[in-house]
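Novice: The structure follows.
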Amino acid sequence: MNFQQLEYLVAVDTHRHFAKAAESCFVTQATLSMMLKKLEEELDVILFDRSKQPVVPTAVGVKVITQARRILSEANQLKDIVLQEKGELTGELRVGIIPTVAPYLLPLFLKNFTEKYPKISLYIHEYTTANIIEKLKSGEIDVGILATPLHEKTIVETPLYYEQYFLYANENEADNDKKYIVPSDINLEKLWLLEEGHCMRSQILNLCELKRESAFYHKLHYEAGSIETLMNLVDSHYGITVIPELAAVRLSPAQQKQLRYFAPPSPVREISLVSHYQYVKERLVKALKNSILSAIPDKMKEQKPMQILDIQAQK
């Protein structure tokens with residue numbers, strides 16, 4: 001058994017396809033298949049069910065792959081520890097970010113980050129909060145950018161900024177003359193939400209103090225995966241939605257007039273850098289943190305009297 005075999009094993013699990021896994025490892029499919037076959041023979045187990053498409057790990061395969069990811073992660077940390085001690089800002093930084101933050105935050109700092117730190121290879125993927133937590137624990141990513149608090153004992157949270165929520169309403173809505181609103185003003189029959197799996201959905205449900213979603217009624221049923229889709233629905237169809245501050249600042253002057261502000265204390269989401277408590281890429285993560293903070297307006301970094309919304313749905 002060697003590291004190369006473990007890398008091939010993890011690649012097949014990631015891609016669930018032997019040819020794609022081989023391509024990602026820059027070897028032929030025959031070479032990859034042969035090495036995995038030898039690993040299975042050495043362990044005397046079948047790691048993948050090859051009769052299914054896409055291929056899936058067997059029950060024992062899942063356990064072996066989990067351990068393989070840990071081993072590879074620990075091995076990679078040896079290099080990271082050396083670079084950390086040398087004080088070099090170089091290496092890979094794998095970042096997971098939630099979809100409701102990515103399109104608004106990344107354009108603010110990425111260009112400056114890559115110019116300032118040319119030796120850092122940044123790999124960014126959009127994941128849900130649950131996936132980011134899972135991948136931090138397995139060592140598949142180094143750091144996450146998401147809404148907190150998570151209430152996870154093994155995850156370290158470093159708050160970056162506090163982002164207000166605004167109500168975005170169709171221009172024909174009856175209450176458009178009200179500049180300031182309270183959650184009880186929200187007409188649930190007209191409220192558009194993100195699909196299940198987005199922590200922002202849970203935050204809005206908590207804002208409305210809803211424990212169940214049977215209070216919602218739409219003649220048109222649509223599960224949106226992005227904030228932009230929600231705003232387009234409001235503009236072209238009817239209703240209201242709730243959007244974060246960095247999305248609001250990008251609106252046209254005409255769309256800005258469709259915003260309604262929540263009366264104090266303003267509902268906000270806390271956006272943080274999160275990492276596993278055993279992570280070692282401190283200098284790289286600090287560089288990322290500083291780049292983000294330099295791009296965020298100062299007023300968003302201050303924890304004023306606000307209502308930080310929980311990302312956990314009420315039960």
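What follows is calculated from the coordinates using simple rules that are stated; it is not laboratory data. Source: prediction; values computed, not measured. Virtual Cβ from ideal backbone geometry, glycine too; neighbours counted across all protein chains shown.
Novice: If the reach is capped at under 17 angstrom between alpha carbons, list the aspartates and glutamates near LYS179, excluding any in the same chain fewer than eight residues apart.
Specialist: Of all the aspartates and glutamates, those that pass the test against LYS179 - Cα under 17 Å, at least 8 places apart if same chain - are GLU171, GLU245.
Novice: Can you pick out the pairs among LYS37/LYS79; LYS79/LYS153; LYS190/LYS304; LYS79/LYS281; LYS116/LYS286; LYS111/LYS301 whose Cα atoms lie more than 19 Å from each other? Don't skip to the answer; put the middle values down first.
Specialist: On the way: LYS37/LYS79 29 Å; LYS79/LYS153 26 Å; LYS190/LYS304 30 Å; LYS79/LYS281 10 Å; LYS116/LYS286 13 Å; LYS111/LYS301 21 Å.
Pairs exceeding the cut-off: LYS37/LYS79; LYS79/LYS153; LYS190/LYS304; LYS111/LYS301.
Novice: For the Cα atoms of the chain, what angle does the longest principal axis make with the long axis of helix 102-116, in degrees from 0 to 90, nearest 10?
Specialist: 60
Novice: Pulled fully out, how much extra length does the chain show between GLU228 and ALA30, if you take 0.36 nm times their separation in residues and subtract their Cα-Cα distance?
Specialist: Numbers: separation 198, 0.36 × 198 = 71.28 nm, distance 4.43 nm.
Length gained between GLU228 and ALA30: 66.8 nm.
Novice: What are the ³J(HN,Hα) values, in whole Hz, obtained from phi via the Karplus relation 6.51 cos²θ - 1.76 cosθ + 1.60 with θ = phi - 60°, for each residue of segment 9-15 in sequence order, with x given for Gly and Pro?
Specialist: Listing the rounded values in order: 4, 5, 4, 5, 5, 5, 8 Hz.
Novice: For a bin width of 10 Å, list the pair-distance distribution of segment 30-133 built from all Cα-Cα distances, rounded to whole %.
Specialist: Calculated P(r), rounded to whole percents: 11, 27, 28, 24, 9, 0.
Novice: At a 10 angstrom cut-off on C-beta neighbours, averaged per residue, how do the peptides 107-116, 8-17, 243-252 rank from highest to lowest?
Specialist: Going from most to least packed, we get 8-17, 243-252, 107-116.
Novice: While we're here: Give the long-range amide H neighbours of TYR161: residues separated by 5 or more places, or on another chain, with amide H under 5 Å away, using H modelled in the peptide plane at 1.01 Å from N.
Specialist: For TYR161, the qualifying residues are ILE271.
Novice: Still on this structure, I have one more. For the modelled label position 7 Å from the Cα of SER51 along Cα-to-Cβ, which residues of segment 13-30 have backbone nitrogen atoms closer than 19 Å?
Specialist: From segment 13-30, the list is 17-18.
Novice: A further question follows. Determine, for GLU196, GLU270, the number of other Cβ atoms within 10 Å of each Cβ, and report the residues in order from fewest to most.
Specialist: GLU196, GLU270
Novice: Further question on the same structure: I want to check the label-to-label distance for LYS179 and LYS299. Put each point 7 Å from Cα in the C-beta direction and report it in nm to one decimal.
Specialist: 1.3
Novice: Taking 0.36 nm per intervening residue step and subtracting the Cα-Cα distance, what contour gain separates ALA59 from THR14 on full extension?
Specialist: Numbers: separation 45, 0.36 × 45 = 16.20 nm, distance 1.60 nm.
The ALA59-THR14 span can extend by a further 14.6 nm.
Novice: While we're looking at this one, here's another question. Of all DSSP beta bridges located in the chain, what percent are antiparallel, nearest 5? Each step should come with its number before you reach the end.
Specialist: On the way: 24 of 41 bridges.
Bridges in the chain are about 60 percent antiparallel.
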